[in-house]
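The values are calculated or read from the model by the stated rules, or taken from the named source; none is laboratory data. These numbers were taken from a predicted model, which means no experiment stands behind them. As a convention, Cβ positions derive from the backbone with ideal geometry for all residues, glycine included, and neighbour counts pool all protein chains shown. The protein model used for the area step is the full one, side chains on, heavy atoms only, and it has no ligands, DNA or RNA in it. Shrake-Rupley method; radii C 1.70, N 1.55, O 1.52, S 1.80 Å.
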Amino acid sequence: MPNLNKRRFLTFALASGAAAALTACGGGSYLDELAARTVATPSGPNLVEVLVGLPQFSLLVEAVQAAGLVSTLQGAGPFTVFAPTNDAFVALLAELETTKEALFADVPLLTAVLTYHVVAGSVPSTAVQLGRAITTVQGGVFKVESGDGLTIFDGRWRTSSITAVDLAASNGVIHTVDTVLLPPDQDIVQVAQSQPDFSILVEAVVAAGLVDTLKGPGPFTVFAPTNQAFADLLAETGLTKEQLLAEENRDLLISVLTYHVVSGRVLAAEVPVGQPITTVQGATFTVDSSFMITDQGGAGNPRAEIVSTDILATNGVIHIIDKVIRPTALPVT
């Protein structure tokens, strides 16, 4: 799972500037509509012409042709393309254990992957919002962080380095990436189900009848307690897991779980440090500059630490915490 250390979190959380407003609907029809209503710069080669002229992008050009996106990317735009090299495509084929012919023949999948590399508007490297959700025309999001250069974290927790930037075209800009990006393919519940350390959380969500809610469109931000966090809660309250998940405690369980959910997709860089954060449950908690959460559980309640961040899902994002946070003091047996 991706990690964001405290120093990086502080850098992002305190950084100025609003997130880029990059509208996303997904699919070629959206791109065509955008191209039709936007005026391009009249001079110079367009995005496709630039890519055709560079041999390291020959597989990308083939993919764009196979997906029927040539005329779209020749449109007015403007667009920002994060362009994978030939080596990136070769690595993807090995990762997916497939062939170029099979991948390029699957037009819906290919279109989803390619449009995940395209952002509406011309975004030079100096304008990329670090640590914030960048919404693609495919509809999914990824984020970019800086360190030894710029690194993209995609929707499946994979990384790609931006190896060259600001290649200009008449209808946008191209940034080179060394890995083909993949959009998120699991919702919040599916992500939790795929991680053994969330097994008790998944049991709790099922017992509370919240599965359909957390599989809904959202987006949601979930502060997800680990199995150890639940074990600590049970030890502190004297409850057994069976008691906590029992039907007679369902209202309490719903209250606790929905206290861990915030409406909207809030990446770590966008968390309002020191300000009350209103949850779906209705009560608030705060996050300080040390990654610690102060809840409404009362004096002496141990604070939770955010230990890992920005696990993207199709309908939101997950941050991992090491304690179960509480909207009120819980009964102790």
* **Per-region count, region 163-173, residues surrounded by fewer than 23 Cβ atoms within 10 Å (Cβ to Cβ) and under 16 Å from Leu73 (Cβ atoms)** => 3
* Return the only residue of Thr126, Thr115 being modelled with pLDDT under 95 and β-branched (Val, Ile, Thr). => Thr126
* **Subset of region 310-325 [small (Gly, Ala, Ser) and surrounded by fewer than 24 Cβ atoms within 10 Å (Cβ to Cβ)]** => none
* From the set of residues in region 208-221 that are of a type in the set (Gly, Ala, Ser) and open to solvent by 30 Å² or more (accessible area, probe 1.4 Å), which is farthest from Ala268 (Cα to Cα)? -> Gly209
* Asked: Would you say Val307 is under 15 Å from Phe220 (Cβ atoms) and of a type in the set (A, V, I, L, M, F, W, C)?
  -> no
* Structure fact -> Filtering region 170-213 for residues that are more than 15 Å from Phe223 (Cα to Cα) and either of a type in the set (Val, Ile, Thr) or touching a Pro at 6+ places or on another chain (Cβ under 6 Å) (or both) leaves a count of 11
* To do: With the checklist (1) loosely packed, with under 15 Cβ neighbours inside 10 Å; (2) under 29 Å from Gly44 (Cβ atoms); (3) at pLDDT below 95 in hand, flag the one item Asp87 doesn't pass.
  => (3)
* For the subset of region 127-146 comprising residues that are within 11 Å of the chain's Cα centre (by Cα) and of a type in the set (A, V, I, L, M, F, W, C), which member is nearest to Arg158 (Cα to Cα)? -> Phe142
* Working carefully through the options Asp187, Asp178, Asp251, find the one that is open to solvent by less than 30 Å² (accessible area, probe 1.4 Å) and acidic (Asp, Glu). => Asp187
